[in-house]
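Enquirer: The following block contains the structure, expressed as structure tokens.
The values are calculated or read from the model by the stated rules, or taken from the named source; none is laboratory data. All figures in this text were calculated on a predicted structure; none of them were measured in a lab. Note that each Cβ is placed from the backbone with ideal geometry, even for glycine, and that neighbours are counted across all protein chains shown. Quick note on the areas: whole protein, heavy atoms, side chains included, nothing else; ligands and nucleic acids left out. Shrake-Rupley method; radii C 1.70, N 1.55, O 1.52, S 1.80 Å.
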Amino acid sequence: MISRPNHVELDPDALRHNLALLRGMLPGDPVIWQVCKGDGYGLGTVRAARMGAACGLGHFCVGTPDEALALRAALPDAQILMFPSALPADLPALAAAGILVSVHNRASLEAILVDAPEARFWLKLDCGLHRYGFTQPDLSPVLSALDTGHLRGIAGVYTHFSQSSARGSTEVALAAFDRQVTSIRAACRRAIPSMFAASPLLLARPDLRHEQVDPGRALYGMMQPPGSAAFRPVVRAIRSALLDSRAVRQAGALGYGAAAGPAPSRVGTIPIGHFDGLPARPPFGQVLIRGQAAPVVARTLLASMVDLSDIAEARDGDPVTLVGLDGGTEITMQDLADALGLSVTDLHFGLVRALRKE
């Protein structure tokens, strides 16, 4: 397929490396669920999951029904848990397709019990984040109302924790989760698996023991653990090409969106803009051309303009590096995120998702 010369270079071995580091950090050899929400953090849901499957993973979390169904078709033997995102009326059909749906309130529970009574599902609990899930007061009457057959459908329980750095609030949330899990296991009279989902908490408190964990973006190298161990980004590089270069013979604006500063004597244009997930307004950051830094001075819908004043040898067709190594110089994903005033997660859901992957 002919397209613009913009692409993302992936490093599948980075995911294997990060998985090994995680297993070494976490006590008790927990089951690890790879999160493929947000179109696989921009990598593509199926592509991201296949990378995990190649490393031996068989449990995946998704964020939407279309992700769940695409992954079910691609990996028919995988365990696929869908986070809350569908109307209750749609949950029975998803369960019939072999998706482990999340039950997070009375309406979603009733939809499963009435129209898919044999389905297996996970209970989503709320431990203070206030985004989906049963609280302890909500949970008690639900458990009391379920008969033995319905209780058999509960395949697991999980919660998402907030990213609060306050130790006290974390301990309160953990205690609430433990109480709810204990209540559910007592009602079901079996050791139902529990899973907690929060990358920052997982890395900050690797001592916490849970049978199953969701490491989220940490598995992709989008954040770093404390200490010397380092995750490797699955995104190795983001590149484009210089399509046009020319001298600037008249001082003044380069077009809309130009950053303030000395007028360049020579500019180049690369075919990547805010349509592709880059900010429309400064700061714009910089790119690498022939191993040298070129400030980005303006951006349009489909293009970015760079200052070539100090790179006289730059020519049309030269590779342009937004992230990655060029000669002896490197721009990391974190460098780019910092330069643009974004997070690495923002870049994955925007820029990485928009570009062709290699």
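Enquirer: Count, please, the residues in segment 268-306 that happen to be at pLDDT 95 or above, more than 19 Å from ALA354 (Cβ to Cβ) and open to solvent by less than 30 Å² (accessible area, probe 1.4 Å).
Expert: 6
Enquirer: Within the set of pairs 6+ apart or on separate chains, which have a first residue in segment 312-331 that is in a strand (DSSP E or B), a second that is of a type in the set (Lys, Arg) and surrounded by 13 or more Cβ atoms within 10 Å (Cβ to Cβ), and C-beta atoms under 7 Å apart?
Expert: Sorted first by the residue in segment 312-331, then by its partner, the pairs are PRO319/ARG239; VAL320/ARG239; THR321/ARG239; LEU322/ARG239; GLY324/ARG236; GLY324/ARG239.
Enquirer: A further question on this structure: In segment 90-113, what residues are among the basic types (Lys, Arg) and touching a Phe, Trp or Tyr at 6+ places or on another chain (Cβ under 8 Å)? First the steps, then the outcome.
Expert: Start the filter on segment 90-113 by keeping residues that are among the basic types (Lys, Arg), which leaves 106.
Within segment 90-113, none qualify.
Per-residue answers, yes or no, for (1) of a type outside the set (Phe, Trp, Tyr); (2) touching a residue at least 60 places away in the same chain (Cβ under 8 Å); (3) buried (at least 22 other Cβ atoms within 10 Å of the Cβ); (4) in contact with a Cys (Cβ under 8 Å, 6 or more places away or on another chain):
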| site | (1), (2), (3), (4) |
| --- | --- |
| PRO5 | yes, yes, no, no |
| ASN18 | yes, yes, yes, no |
| LEU21 | yes, yes, no, no |
| GLY28 | yes, yes, no, no |
| TRP33 | no, yes, yes, yes |
| GLY44 | yes, yes, no, no |
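Enquirer: What number of residues in segment 310-345 are surrounded by fewer than 16 Cβ atoms within 10 Å (Cβ to Cβ), within 21 Å of ARG266 (Cα to Cα) and either of a type in the set (S, T, N, Q) or out of contact with any Asp or Glu (no Cβ under 9 Å at 6 or more places or on another chain) (or both)?
Expert: 5
Enquirer: Identify all residues within segment 199-242 that are in contact with a Ser or Thr (Cβ under 8 Å, 6 or more places away or on another chain), of a type in the set (A, V, I, L, M) and more than 25 Å from LEU336 (Cβ to Cβ); write none if there are none.
Expert: LEU201
Enquirer: Turning to a different aspect of this structure: Of the residues that sit in segment 93-117 and are open to solvent by 20 Å² or more (accessible area, probe 1.4 Å) and not aliphatic (A, V, I, L, M), which one is nearest to the chain's Cα centre (by Cα)?
Expert: Selected residue: HIS104.
Enquirer: Evaluate segment 151-172: report whether one residue or more is closer than 22 Å to ILE99 by Cα and assigned to a loop (DSSP other than H, G, I, E, B). Step through it out loud before you land on a result.
Expert: Taking segment 151-172 as the starting set, the residues that turn out to be closer than 22 Å to ILE99 by Cα are 151-160.
Then keep just the ones that are assigned to a loop (DSSP other than H, G, I, E, B); that gives 152-153.
Checking segment 151-172: at least one residue is closer than 22 Å to ILE99 by Cα and assigned to a loop (DSSP other than H, G, I, E, B).
Enquirer: For segment 1-40: of the residues being among the hydrophobic types (A, V, I, L, M, F, W, C) and in a strand (DSSP E or B), which is farthest from ALA218 (Cα to Cα)?
Expert: VAL8
Enquirer: Only one residue in LEU94, LEU43 is part of a loop (DSSP other than H, G, I, E, B) and either over 30 Å from VAL114 (Cα atoms) or not polar (S, T, N, Q) (or both). Which one? Lay out the reasoning, then the answer.
Expert: Working: LEU94 fails: part of a loop (DSSP other than H, G, I, E, B).
Among LEU94, LEU43, only LEU43 is part of a loop (DSSP other than H, G, I, E, B) and either over 30 Å from VAL114 (Cα atoms) or not polar (S, T, N, Q) (or both).
Enquirer: Can I ask one more? How many residues, within segment 260-282, are under 23 Å from ALA247 (Cα atoms) and not in a strand (DSSP E or B)?
Expert: The qualifying residues number 10.
Enquirer: Output yes when any residue across segment 118-140 is surrounded by fewer than 21 Cβ atoms within 10 Å (Cβ to Cβ), over 19 Å from ILE184 (Cβ atoms), under 24 Å from the mean Cα position of the chain (by Cα) and not small (Gly, Ala, Ser), and no when none is.
Expert: yes
Enquirer: Tell me which residues, restricted to segment 210-229, are in contact (Cβ under 8 Å) with a residue 40 or more places away in the chain, farther than 18 Å from LEU125 by Cα and open to solvent by 30 Å² or more (accessible area, probe 1.4 Å).
Expert: Correct list: ARG217, MET223, ALA229.
Enquirer: Something else now. Restricting the search to segment 346-358, which residues are over 15 Å from THR321 (Cα atoms) and surrounded by fewer than 19 Cβ atoms within 10 Å (Cβ to Cβ)?
Expert: ASP346, PHE349, GLY350, ALA354
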